[in-house]
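Visitor: Please read through the structure below; I'll follow up with questions.
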Amino acid sequence: MQRFSSYLLVYLLISFGLSGHESPLPFDRLTFHTPPAPLAKGAVTNDWPRFNGPNDNAIAEEKPLLKKWLPAGPTLVWEVEKGEGYSSPGIKGERLVLFHRLNGKETVECLHPETGKRYWSYEYPVEYRDRYGYSNGPRTSPVIDGDQVYLHGVTAWLTCLNLETGKLIWNRNLAKEFAVPEYFFGKGSNPIIAGDKLILNIGGSEDRCVVAFDKKTGKQAWIAKDSWGASYSSPTLAKIHGKEVCLVLTGGESRPPKGGLLLLDPKTGEKLARFPWRADKYESANAVPPVPVGKNRVFLSECYELGGALIEFNENFVPKVLWKKTDFNIHWMTPILSDGYLYGVSGRHQQGAEMVCVEVDTGKEAWRKRIAWEQEVQNRKLRLEAFRASLLLADGHYLCLSELGSLLWLDLSPKGGEIISFAQLFFASGTWTLPVVSRGLLYVMQNETDRMSDTPTRILCYDLRKN
């Protein structure tokens, strides 16, 4: 009887979200600081429907944005204490979706972007312990499409909720259905929407590598079979020789090590091309999304051994390597393509990580440097670095979030990189989540406890509106 009650509780938690509200309400984990400035007249703004932004390339369309601030940093609007995980928020209109693990449950909360007040919450129990001691929460971010939001949990629960109400539309236990192994750090590849389908790098048994689901019903649409398995890289869409394709960089935990780029037809799952690109070391994983370059080329980066490469596909989708660069080895951040140059952070470890600018046509390195500066913190002058930072291009410059909580505006060009402004938002390792900019507000995820103030993990909203 007790076992039946436990199963019933799990079913109810999974099948029903907590009640939603027409108007958002304050809650105990929210601290509101100050209202943001009004948007400037003629301001250009965007939603943030997926972890890499509106165009899936870590480029925001926002302007104008505040580039200078006081030593403490930009004005803090609100903060919400969050649980474990590396997810960034998804934003559409007056809805911000936060995905994290709280009190042993993967939790989805819908907040008001300007106030942090909550519309609704949905949760389900999860059992996962990271074998390397990293966070036990989700690695992926919400995907918003129309009135639906999709979540891919650390144990491969795939959930679809109504964005307005938080009510469950459909869900699937992919680990059970497809016999998905846990891999190094749990599941970590973000889904992508392609037409009426939701595509996901699953890496299940029987070579069930990439699977598409009907985005409205959750029913399986197609399976692309391949032995390469799942990675932590997220699929992207591109057009090659006029044909829409889905680029999936596969390859996580496997013996012998294997993985690489698959070109798939997003409508049918047909495999158009296959290009091996994974280190021979067992303990390595592909994590950087493929970057479409021009009409028929794709940039790939693997951190542990092979580094970066530019691949060109002919009309029959046969791949050809245009150049390789082993020391352009990006760990997880998405390199940004701008005016014929790629900007990324190279380096496997925190120490020695460098910002690199590479001419995309030739692979020639324009420059390489460690972004460093001095800052006074608690009456001590410290030399800080960006380390393995995230980059976001917005309003003509680059927002840089270091993995220890430093926020910078950078002026990057083929001539070099200079710091415009900086601030230490907090001191917390594991700040590996790309910041989000939407409607002039900046959202930063603090994924570990602040070492200086002992402040727990949070999502923080800052005002970057410029009038």
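Visitor: Would it be correct to say that LEU158 is in a strand (DSSP E or B), over 16 Å from THR107 (Cα atoms), modelled with pLDDT of 95 or more and touching a His at 6+ places or on another chain (Cβ under 8 Å)?
Guide: For LEU158, the condition - in a strand (DSSP E or B), over 16 Å from THR107 (Cα atoms), modelled with pLDDT of 95 or more and touching a His at 6+ places or on another chain (Cβ under 8 Å) - is not met.
Visitor: If you don't mind, another one. Between GLY363, GLY352, GLY347, GLY269, which is on the phi > 0 side of the Ramachandran plot and free of Cβ contacts under 8 Å to residues at least 40 places away in the same chain?
Guide: Answer to the selection: GLY352.
Visitor: Still on this structure, please answer the following. Of the conditions (1) over 19 Å from the mean Cα position of the chain (by Cα); (2) crowded, with 20+ Cβ neighbours inside 10 Å, ARG172 fails just one. Which one is it?
Guide: (2)
Visitor: For THR75, all conditions in the list (1) closer than 18 Å to THR433 by Cβ; (2) over 19 Å from the mean Cα position of the chain (by Cα); (3) β-branched (Val, Ile, Thr) hold save one; what is the number of the exception?
Guide: Exception for THR75: condition (1).
Visitor: Any residue that is surrounded by 18 or more Cβ atoms within 10 Å (Cβ to Cβ) and farther than 19 Å from SER234 by Cα - is there at least one of those in segment 308-317?
Guide: Yes, there is a match, as at least one residue in segment 308-317 is surrounded by 18 or more Cβ atoms within 10 Å (Cβ to Cβ) and farther than 19 Å from SER234 by Cα.
Visitor: Would you say LEU382 is free of Cβ contacts under 8 Å to residues at least 12 places away in the same chain, among the hydrophobic types (A, V, I, L, M, F, W, C), more than 17 Å from VAL345 (Cβ to Cβ) and in a strand (DSSP E or B)?
Guide: yes
Visitor: For SER429, work out the one condition from (1) buried (at least 19 other Cβ atoms within 10 Å of the Cβ); (2) not in a strand (DSSP E or B) it doesn't fulfil.
Guide: (1)
Quick grid of which residues meet (1) of a type in the set (D, E, K, R); (2) closer than 26 Å to TYR232 by Cα; (3) modelled with pLDDT of 95 or more; (4) more than 20 Å from the chain's Cα centre (by Cα):
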| position | (1), (2), (3), (4) |
| --- | --- |
| LEU408 | no, no, yes, no |
| THR433 | no, yes, yes, no |
| TYR443 | no, yes, yes, no |
| LEU464 | no, no, yes, yes |
| ASN467 | no, no, no, yes |
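The values are calculated or read from the model by the stated rules, or taken from the named source; none is laboratory data. None of the values given here were measured: they were computed from a predicted structure. Note: ideal-geometry Cβ built from the backbone for every residue, glycine included; neighbour counts use all protein chains shown.
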